[in-house]
Structure formats: structure tokens, C-alpha cells
Amino acid sequence: MELSQLSRDDHDSSHNEHSSPVDHAPLLTNLFTGSRSDQKKAKALSDAIDKSLRADKERQQREGGIKLLILGPSETGKTTVLKQLKLLYGRRGLDSERQTFRRIVHLNVMKAMQTLVSGMEAAHIRLEKQENEQHLETVLRLESLLKRYSISSIGFTNPAIPRKITDAKAETDLFEEMVPAIKALWADAGIQQTYRTCTQLSIQDSASYFLDAIDRLARPDYVPSDGDILQARVRTLAVTEHVFNIDNVAYRIYDVGGQKSLRKYWAPYFDDVNAIIFMGALSAYDQPCEDEPRLNRLQECLVLFNHIANHKLFAVTSMILFLNKIDIFQRKLDAGSLVNKHFPEYRGPNDYYSTTVFFQYRFLQQVKDLNKQVYTHFTHATDTNQMRVIVVAVNAIVQRLNLSNSGLM
Ligand SMILES: Nc1nc2c(ncn2[C@@H]2O[C@H](COP(=O)(O)OP(=O)(O)OP(=O)(O)O)[C@@H](O)[C@H]2O)c(=O)[nH]1
Ligand SMILES: [Mg+2]
């Protein structure tokens with residue numbers, strides 16, 4: 001099986017039956033050739049048939065489900081939105097994934113500290129406490145060790161993807177061995193300075209969430225909470241399909257891998273798409289692209305959005321834009337980071353309201369068809385309460401647009 005092949009995660013699925021349309025044409029032809037009263041009856045019947053056809057079409061659409069793609073660059077929060085949908089609408093929430101995520105959380109913590117230590121050395125920042133020097137060596141060993149446990153190799157919804165992680169005991173031992181060093185280093189002012197000032201480091205957004213909670217994560221009986229799973233980071237490699245019933249509407253939702261090298265696998269899913277959620281991370285305005293460090297991440301995201309929003313196959317597809325990671329974006333502004341330094345064309349004040357309006361405008365500017373509506377939401381995808389409200393709003397808009405596109409409204 002190829003990477004591009006669909007991995008169907010059907011634990012939320014319900015069976016959808018498709019009804020075929022009935023052919024009423026011969027009946028209508030006969031009736032319209034009759035007398036005036038026949039014509040009256042024909043009109044009534046025709047109206048009734050139209051109504052029934054509309055109902056057929058509507059039911060077919062409902063039962064066939066709305067095909068929705070979640071697209072966007074890597075690390076913008078696509079899989080996080082999907083996890084929220086599982087929590088809010090899945091029958092078993094995230095329960096079936098808890099054990100897998102225990103390992104992922106441990107690997108995330110080790111990777112975060114290894115990145116911080118390498119970043120500290122590269123930036124020539126010194127440790128606050130000399131006794132922590134011994135821990136540097138321990139953590140630096142992780143660079144080669146973690147390659148064996150590459151998180152990007154996990155396709156936890158796709159058994160076809162080979163897992164590098166095969167030895168849970170070895171991972172647990174490694175994590176236990178690292179805990180004292182990670183704890184001591186995280187408490188050191190040198191590492192804290194690196195975390196605060198080295199914004200170009202590609203450190204995962206959930207680093208401080210997990211590092212602050214290391215005692216809890218290190219308990220032998222640790223089971224990841226929903227919050228931990230939402231914060232955990234696993235690169236998506238294969239396209240996965242998930243079926244949800246959202247307020248009596250069946251959705252087939254596709255989550256894709258956002259890395260540049262994986263985007264060629266998106267195209268086979270572009271037919272008959274009813275809606276797209278395009279995700280961009282606002283917090284990426286000061287970050288370089290992972291696979292092309294000369295490029296600004298948000299600029300690259302705008303280019304990708306341009307490609308998707310103007311794609312001929314999406315001419316009548318409902319387009320929903322999630323400008324995500326507003327919590328991190330806000331934190332960066334509060335810390336004095338200037339948008340204008342990375343987007344020199346921006347001349348407004350550096351406050352949340354003005355800068356988010358600017359970025360929304362930059363996205364909407366990409367859409368060539370002036371009649372195409374793009375519905376924007378500023379999102380915090382790890383916040384279940386915010387996502388609950390947003391999913392309801394998205395469902396309402398997708399249904400409305402879907403009915404109006406099919407001529408039923
Ligand atoms: N603080 C914060 N973290 C977020 C938010 N949305 C997502 N994250 C975190 O960002 C990281 C990346 O999110 P993913 O959902 O894995 O990103 P993705 O778009 O699926 O990435 P690929 O699979 O590589 O395409 C995870 O650690 C999430 O917990 C957000 O709004 N705020
Ligand atoms: Mg993903």
C-alpha cells in the first residue's frame with residue numbers, strides 16, 4: 001500500500017445508503033398532452049413530483065454525506081481539529097488512542113528538550129547553574145537516539161506505515177533515564193532564556209505545556225488526558241478519512257499531511273468536495289519554513305491558500321478559513337514581537353485586533369473570484385470550548401451553502 005492511499009478510520013463511522021433518483025419523465029409527457037383540467041392536475045402532480053425530487057436530492061445529499069477536506073501547511077493544527085471532532089462527535093472520543101499517545105507525549109518531551117539544548121549551544125547562551133552541565137551531555141545523546149524513535153514515522157491511523165517505534169519498554173526506560181536531566185535543565189535560567197528568545201528554533205508549540213507537567217507525565221500510571229492528546233504532536237503522513245455525524249448531517253472528513261513533500265498526495269481527493277477548511281497558523285508570522293528556511297512560514301501559507309482558493313475544482317466549494325493558534329499569536333504580540341518586522345508592508349498598530357484584520361485581509365486578497373465567499377474564523381484549536389462553538393457555526397454555513405449550490409435554496 002502506498003503512502004497516498006487512504007487510511008479509513010471508521011470507528012466513528014455510520015453506514016450511508018445512497019438512493020438512486022426516480023425517472024418521472026414519461027408520466028409528465030403523457031399528462032401534458034391532455035385537456036385543460038388534465039393540465040391542472042398535471043401541474044399539481046408536477047409540483048408534487050418536483051417536491052419529491054427535491055426531497056430525494058436533499059436526502060441523497062444528507063445520506064451521501066458532505067465531503068470536507070482539511071488542508072493547510074504542516075503544523076497549522078489540522079489533526080488537532082480532527083481530534084476535537086472525535087472528542088465532540090465521535091462515539092469513543094480519544095479513548096482508543098490513549099496508549100499510543102503516552103509514548104508520543106514522552107517522545108515529544110525528549111525532542112523538545114533536545115531542541116532547546118542544541119539551540120542554547122548554537123546561540124552561545126550559558127547555563128545558569130554549573131551543576132547542570134552534566135545533564136547537557138545526557139540530553140545531547142538524544143539527538144541520535146531519537147532518530148530511532150522518529151515520531152514522524154508513526155501512522156497511528158494507518159497500519160500500512162511502518163512504525164519505527166516497536167519497543168515500548170526501551171522508550172519508557174529512555175524517558176525515565178532522561179527525566180532528572182530534563183527537569184533540572186527546564187528549571188535553569190539559561191534554557192528558559194533560550195525558550196523565550198530563540199524564536200527561530202523549530203520547537204514544538206506544546207513544549208512548555210509538557211515540560212511544566214513532567215512530574216505527572218513521568219508517573220508509572222500516567223495515562224494522557226484529552227488535553228495532553230490535543231497538545232501532542234505527530235506529523236500526518238497519510239491521508240485519513242473520518243466519518244462523523246454532526247447534528248444529523250453525515251460528514252466525510254479528510255485530514256492530510258501538510259509538509260511540502262506530501263502535498264502531491266492531496267490531489268486524488270479533490271473531486272466532488274463540498275467544503276474545505278483551510279488552516280493557517282497566525283503565530284507563524286515570525287517563523288521560517290521548516291523545509292525551506294529562507295521562506296517565511298505565513299507567506300508560504302498565503303501562497304498555498306492562493307493555489308487552493310483559486311483551484312478550478314473548488315469553484316463552488318465552500319471555503320472556510322481557520323486562522324489558528326491565536327493564543328500563541330497573542331502571546332508573541334504581548335512579548336513585544338513586531339508584525340511589521342516580518343511583514344514590512346504592515347504599517348498599523350501592533351495590537352491583536354489590527355494585526356488579525358491585516359492578516360485576514362492578506363488571505364482574502366488571494367481569492368481571484370470576487371463572488372467567492374470565504375468564511376474566516378480566528379481559532380484556538382486546542383481549546384475544546386472554542387472549537388465546539390466554531391464547529392456548530394461551520395456546520396450551519398456548510399449546510400446552507402450546500403443546499404444553495406444544489407439549487408434547493
Ligand atoms: N497553542 C496551540 N497549539 C496548537 C493549536 N493548534 C494546534 N496546536 C498544536 O500544534 C501542533 C501541531 O498541530 P497538528 O494538528 O499536528 O498540525 P497538522 O496541521 O496536522 O500538521 P501535519 O500533520 O504535519 O500537516 C500540535 O502540538 C498541536 O497541539 C492552537 O490553536 N494553539
Ligand atoms: Mg496532521
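No value in this document is a laboratory result; all are computed from the given coordinates. Here the structure is a predicted model, which is why all the values come from computation and not from measurement. Here the Cβ positions follow ideal geometry from the backbone for every residue, glycine too, while neighbour counts run over all protein chains shown.
For a label point 7 Å from the Cα of R91 along Cα→C-beta, name the residues of the stretch 221-251 whose backbone N is under 20 Å from it.
Residues 241-251 fall inside that zone.
Each residue of the stretch 229-241 in turn: what ³J(HN,Hα) in whole Hz from Karplus with 6.51, -1.76, 1.60 and θ = phi - 60°, glycine and Pro shown as x?
Each residue of the stretch 229-241 in turn: 5, 5, 7, 5, 10, 10, 5, 7, 9, 9, 6, 10, 10 Hz.
Give me a comma-separated list of calculated 3J(HN,Hα) values for the stretch 376-385, in order, Karplus coefficients 6.51, -1.76, 1.60 applied at θ = phi - 60°, integers in Hz, x for any Gly or Pro.
So the Karplus estimates, Gly and Pro as x, are 9, 10, 8, 10, 10, 5, 7, 9, 4, 5 Hz.
Between D173 and D47, how many nm apart are label points set 7 Å from Cα along the C-beta direction?
8.0
Sorting V249, V391, V303, V398 on the 10 Å Cβ count, fewest up front, what's the list?
In increasing order of surrounding Cβ atoms, one gets V303, V249, V391, V398.
Any idea how far the Cα center of the stretch 201-248 sits from the one of the stretch 338-409, in Å?
Cα centroid of the stretch 201-248 versus Cα centroid of the stretch 338-409: 25 Å apart.
Would you calculate the separation in nanometres between label points at R219 and E131, each defined as 7 Å from the Cα along the Cα-to-beta-carbon direction?
In this crude label model, R219 to E131 measures out at 2.7 nm.
Once the piece of chain linking H342 and A122 is laid out straight, how much longer is it, given 0.36 nm per residue of separation minus the C-alpha distance between them? Spell out each step's value before the answer.
Details: separation 220, 0.36 × 220 = 79.20 nm, distance 2.26 nm.
Full extension from H342 to A122 adds 76.9 nm.
How much length, in nm to one decimal, is gained on full extension between H307 and N385, taken as 0.36 nm per residue of separation minus their Cα-Cα distance?
Working: separation 78, 0.36 × 78 = 28.08 nm, distance 3.15 nm.
Additional length available on full extension: 24.9 nm.
Counting other beta carbons within 10 Å of each Cβ, put C289, C301 in order, fewest first.
C289, C301
Starting from the Cα of I397, step 7 Å along the direction of its Cβ; do the same at N245; then give the gap between the two resulting points in nm.
For I397 paired with N245, the spin-label model returns 2.6 nm.
Within a 10 angstrom radius of the beta carbon, how do Y254, Y222 rank from fewest other beta carbons to most?
Ordered from fewest to most neighbouring Cβ atoms within 10 Å, Y254, Y222 come out as Y222, Y254.
Using the beta-carbon distance between R196 and E290 and R0 = 22 Å, what value does 1/(1 + (r/R0)^6) give for FRET efficiency, to the nearest 0.05?
Values: r = 21 Å, r/R0 = 0.95.
Result of the calculation: an efficiency of 0.60.
Once R0 is set to 56 Å, what does the formula 1/(1 + (r/R0)^6) return for the Cβ-Cβ distance between Q330 and D271, expressed as a FRET efficiency to the nearest 0.05?
0.90
Short version: ³J(HN,Hα) in whole Hz for each residue of the stretch 182-195, in order, from phi by Karplus 6.51 cos²θ - 1.76 cosθ + 1.60 (θ = phi - 60°), x for Gly and Pro, what are they?
Working through the residues one at a time gives 4, 4, 5, 5, 5, 7, 7, 4, x, 5, 4, 5, 4, 4 Hz.
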